[in-house]
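Engineer: First, the structure itself, so that you have it in front of you.
The values are calculated or read from the model by the stated rules, or taken from the named source; none is laboratory data. Everything numeric here is computed off the predicted structure, so don't read it as measured data. Cβ atoms come from the backbone with ideal geometry, glycine included; neighbour counts cover every protein chain shown. Heads up: the accessible areas ignore ligands, DNA and RNA and are worked out on the full protein's heavy atoms, side chains in. Shrake-Rupley method; radii C 1.70, N 1.55, O 1.52, S 1.80 Å.
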Amino acid sequence: MTDAKKSFLKNDFLLLINKLKGDEKVKWGKMNAQQMIEHVSGFFKVSTQNINFPLTTPAEHLPKYKEFLLSEKEFRENTKAPVLPEEPLPLRYSTLQEAKDELTKSVDEFFEFFKNDPDKKTLHPAFGELNFDEWVQLHHKHVIHHLKQFGLMESNTPY
């Protein structure tokens, strides 16, 4: 299943994101389309160590977090990352297209970062040290969550 998820992240996800015009009604949460795109782009930057956060999960809870990560269980609506503020971050890019371009670049950098060493591990603030396949699983789970948030996928959509 990892190959299908890699392909989804590289191709289908970005095609779906490119459908966003910026005025979509959100199904839940506080982010608009551009804020979500910038958020997901930042998340890819965490996996490549371009953005760093400390571990927020107590060590004794990491096995349960990893169990969830490796499952096919989805993130619940309004799930909030422990390192993010209550309100969406200010926009970093002046246009939606700039944000989309940066997201594409961040996804490409992710695959390039792990290309020669898929066993290399980088720190996620809630899930701990993750290798490439674990990051693929988490990124996939994360982007599906946000695609559903903006009505780009339905809950029963196979992925």
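Engineer: I'd like to know if segment 60-78 contains one or more residues that are assigned to a strand (DSSP E or B), of a type in the set (A, V, I, L, M, F, W, C), open to solvent by less than 90 Å² (accessible area, probe 1.4 Å) and closer than 18 Å to LEU9 by Cα.
Structural biologist: No: segment 60-78 contains no residue that is assigned to a strand (DSSP E or B), of a type in the set (A, V, I, L, M, F, W, C), open to solvent by less than 90 Å² (accessible area, probe 1.4 Å) and closer than 18 Å to LEU9 by Cα.
Engineer: Look through segment 22-52, keep the residues that are of a type in the set (A, V, I, L, M) and in a loop (DSSP other than H, G, I, E, B), and return whichever of them is farthest from PRO88 (Cα to Cα).
Structural biologist: My answer is ILE51.
Engineer: Now a separate question. Quick one: what pairs do we get from segment 103-122, first residue in contact (Cβ under 8 Å) with a residue 12 or more places away in the chain and of a type in the set (Lys, Arg), second surrounded by 14 or more Cβ atoms within 10 Å (Cβ to Cβ) and assigned to a helix (DSSP H, G or I), C-beta under 7 Å, 6+ apart or different chains?
Structural biologist: Listed by first residue and then by second, the contacts come to LYS120/PHE114.
Engineer: I need a count of the residues in segment 41-59 that are closer than 13 Å to GLY128 by Cα and open to solvent by less than 50 Å² (accessible area, probe 1.4 Å).
Structural biologist: 3
Every residue, every condition in (1) of a type in the set (D, E, K, R); (2) within 15 Å of the chain's Cα centre (by Cα); (3) surrounded by fewer than 20 Cβ atoms within 10 Å (Cβ to Cβ), yes or no:
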| site | (1), (2), (3) |
| --- | --- |
| ASP108 | yes, yes, yes |
| PHE111 | no, yes, yes |
| LYS115 | yes, no, yes |
| ASP119 | yes, no, yes |
| HIS124 | no, yes, no |
| VAL136 | no, yes, no |
| LEU147 | no, yes, no |
| GLY151 | no, no, yes |
| GLU154 | yes, no, yes |
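Engineer: Has segment 11-28 got at least one residue that is under 22 Å from THR122 (Cβ atoms), within 16 Å of the chain's Cα centre (by Cα) and crowded, with 16+ Cβ neighbours inside 10 Å?
Structural biologist: Among the residues of segment 11-28, at least one is under 22 Å from THR122 (Cβ atoms), within 16 Å of the chain's Cα centre (by Cα) and crowded, with 16+ Cβ neighbours inside 10 Å, which makes the answer yes.
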